[in-house]
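Nothing in this text is a laboratory measurement; each read-out follows from the coordinates by a stated rule. Keep in mind that what you see is a predicted model, and the values were worked out from it rather than measured. Every residue, glycine among them, receives a Cβ derived from its backbone with ideal geometry; neighbour counts consider all protein chains shown.
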Amino acid sequence: MAAATTGPQRAAAVPSRALAVRQFRFWLTDYRRTWRGSIYSSLLNPVLFLGAMGLGLGKLVDQHGTASLGGVRYLVFLAPGLLAATGMQTGVGESTYPVFASVKWTKTYQAASATPLRPADVFHGHVLFTTMRLTMNCAIFIAVASILGAVRSGWIVAALPVAVLTGLAFATPIEAWSVTRTKDTSFAVIYRFIMIPLFLFSGIFFPVTQLPAAIRPLAYLTPLWHGAALCRALSLGAATWGGALVHVGYLALWAAAGLIAGHRTYPRRLYV
């Protein structure tokens, strides 16, 4: 009679990619129950921001000249920056409370770790789901921006994976950190003192060159600036291969660092 196969042995017999997909399917099943609540914000946010800031405030900006914006209307300047910001906001949102809740409140991560899934599979499964949410939200934003006349080049299609990568540059490091939290109070620091300042001072609403020279290098170090700069260059049809490689490489470095950190923090939290 063949010996019974243990959980770890079954996990070893199944490719890690397949196990991560199983965890992704869990998130997908859960999202089927809640997607209606998120789809409204995914659609309304670009409409409200582009309408109020791009069309409303943009008229006042355009009346005073657009030389500092590269000679384009403010709406055209603003839209690709907000696209990158959408990636950041979605990535941060998916990597904070959903992760914390899975460990602390609903205990779904502990339940998953009691199956053949390994902590890395649980981590990868949620990263896959976050990537899906990033793709959905950023694609909706591009569609709305196109309808409002905020796109000048067909290269905006290439800005979609850039915005997704921008979101992952935030999502993977924060998720690796969120799984270690025992209280959710520290998330306020992420939202108030990291996400909001980056949103305001990373070249979304005005060129970074308008910042004081002393703090300008800090903006250049942020993943959001790299995402916004490349999305804007693609939207205007002005991207270069050299610049694109620098921006993509920097964003990929942040995302990879988060994956490496998650491979350390997830086992420490789930293997107790």
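Computed values, structure above
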| item | result |
| --- | --- |
| Nearest-ten-degree value, helix 119-147 long axis tilted from longest Cα axis of the chain | 30 degrees |
| Relative contact order of the chain, pairs being alpha-carbon contacts under 8 Å that are 6 or more residues apart, as % | 27 percent |
| Normalised per residue, the volume of the convex hull around the Cα set of region 159-272 (Å³) | 112 Å³ |
| Given charges at beta-carbon only (K, R positive; D, E negative), |dipole| of the chain in Debye | 620 debye |
| Kirkwood-Stokes translational diffusion coefficient of region 17-175, alpha-carbon pairs, 20 °C, 1.002 mPa s, µm²/s | 126 µm²/s |
| Pair residue 22, residue 183: separation of 7 Å Cα→Cβ label points (nm) | 3.7 nm |
| Degrees separating the helix 156-178 axis from the principal Cα axis of the chain, which is the longest one | 50 degrees |
| Among 234-241, 181-188, the order from most to least packed when residues are scored by Cβ within 10 Å on average | 234-241, 181-188 |
| Rounded to 10°, Cα long-axis angle of helix 16-49 versus longest principal axis of the chain | 30 degrees |
| Extension gain from residue 246 to residue 220, taking 0.36 nm per residue of separation minus the Cα-Cα distance | 8.2 nm |
| Mean Cβ neighbour count within 10 Å, used as a protection proxy, ranking 114-124, 75-85 highest first | 75-85, 114-124 |
| Percent breakdown of C-alpha pair distances by 5 Å bin, ordered from the shortest bin, for region 188-231 | 5, 24, 32, 24, 11, 3 |
| Highest average packing first - 222-233, 94-105, Cβ atoms within 10 Å | 222-233, 94-105 |
| Per principal axis, descending, Cα span of the chain in whole Å | 82, 39, 38 |
